[in-house]
Amino acid sequence: MSSSGKSSRFVHWPVRTTQGADRAGTTQTSASPLRMPLTGGAGFPSRNRQDVTQTALTQGPSRCLPRQVGLDSDAVRKGMVDKLRQLGEFDERVLQALQAVPRHHFVEPGLAAQAYLDNALPIGFEQTISKPSVVARGLDAALKALAPRANLGKVLDIGTGCGYAAAVTARLAGGVYSVERIRALHDLARNNLRALRVPNLRLILSDGMLGCEQGAPFDVILSGAAALTVPQAWLDQLAVGGVLIAPIGDPQQLLLYRKRSTTRFDVKPLEGAKFVPLKSGLT
């Protein structure tokens, strides 16, 4: 809930009973929601049922994705992933997650030819889709910090944007709550993600600086926007033993916080960073 008292909006998508649903958001309203367990054993709270609808979805690229010539082949994504693999820095699970998510589906058609370069690309509202290497670095650092856990557990993703990083993260987590403050981007991500059918991902329209109290505590918190200092809500909502990775300060540094107790954190700098600024409030 934001400081203005507005409720967060949880988003799932109705069950697709035909192929008549499209990216613009047309769905079969007569389909009844089907409750599904999350992968990895992470559960979402059952309160606020009237605002939360779970759907019958399956992970991974779907055959109902819109096609763009030359970009639908697995070989195209494999080329991007192979370049990252050559760096020798990333957990193979992270690379496999990147391989599985069609990045071109999250960018404007005019930028699709650049989708598998290691570039940040504009998505509107002065926001960008992060470089694949940046997405990989945060996830890799979180996996290594939580080793030997099998996955990331329950994740809070700050700044949904177009939904790409959330889709990749969901392949490595038990459950993901992804928060976006810009309504138009929240809706864009919802439309982008509908065809991918991700069962363990929730999109939330809310002020990211407030975290997501409904889902706390989180094993991992990842921020795609830079703050001068870490919001207290994030620290409070991180589980003991969990990790928070965010770009912090001016100049920005990508930092990893490990919560040792309710009041003690270890902090490790990962690298210099250049992210869009974290802002508060809904728009």
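The table that follows gives values for the structure above.
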read-out	value
Accessible-area composition of segment 96-162, carbon plus sulfur, in percent [1.4 Å probe]	55
Protection proxy ranking, peptides 173-184, 148-159, average beta carbon neighbours within 10 Å, highest first	173-184, 148-159
Cβ crowding within 10 Å averaged over residues, with 233-245, 114-126 ranked highest first	233-245, 114-126
Cut-off under 5 Å, modelled amide H: who pairs with A239 long-range	F218, D219
Partners for K268 among lysines (Cα-Cα distance below 25 Å; same-chain residues under 8 apart left out)	K131, K144, K154, K259, K279
Distance in nm between pseudo-label sites at R260 and F125 (7 Å out along the Cβ direction from Cα)	3.9
Cα gyration tensor shape for segment 76-234, rounded if a/c is under 1.5, else prolate or oblate	oblate
Shape category assigned to segment 167-237 from the gyration tensor of Cα positions, a/c cut at 1.5	oblate
Label zone at E271, where the point sits 7 Å out along the Cα-to-Cβ direction: segment 196-226 residues whose backbone N lies under 18 Å	222-226
Length released on extending from A147 to D187, taking residue separation times 0.36 nm less the Cα-Cα span	10.9 nm
Carbon and sulfur %, accessible surface of segment 222-283 computed with the full protein complex present, 1.4 Å	52
Rounded, prolate or oblate (a/c below 1.5 giving rounded, otherwise prolate when a/b exceeds b/c) for segment 203-283 by Cα gyration tensor	oblate
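The values are calculated or read from the model by the stated rules, or taken from the named source; none is laboratory data. Just so it is clear, the model here is predicted, and its values are computed rather than measured. Positions of Cβ are generated from backbone atoms using ideal geometry, with glycine treated the same way; all protein chains shown enter the neighbour counts. Ligands, DNA and RNA are excluded from the accessible area calculation, which covers all protein heavy atoms including side chains. Shrake-Rupley method; radii C 1.70, N 1.55, O 1.52, S 1.80 Å.
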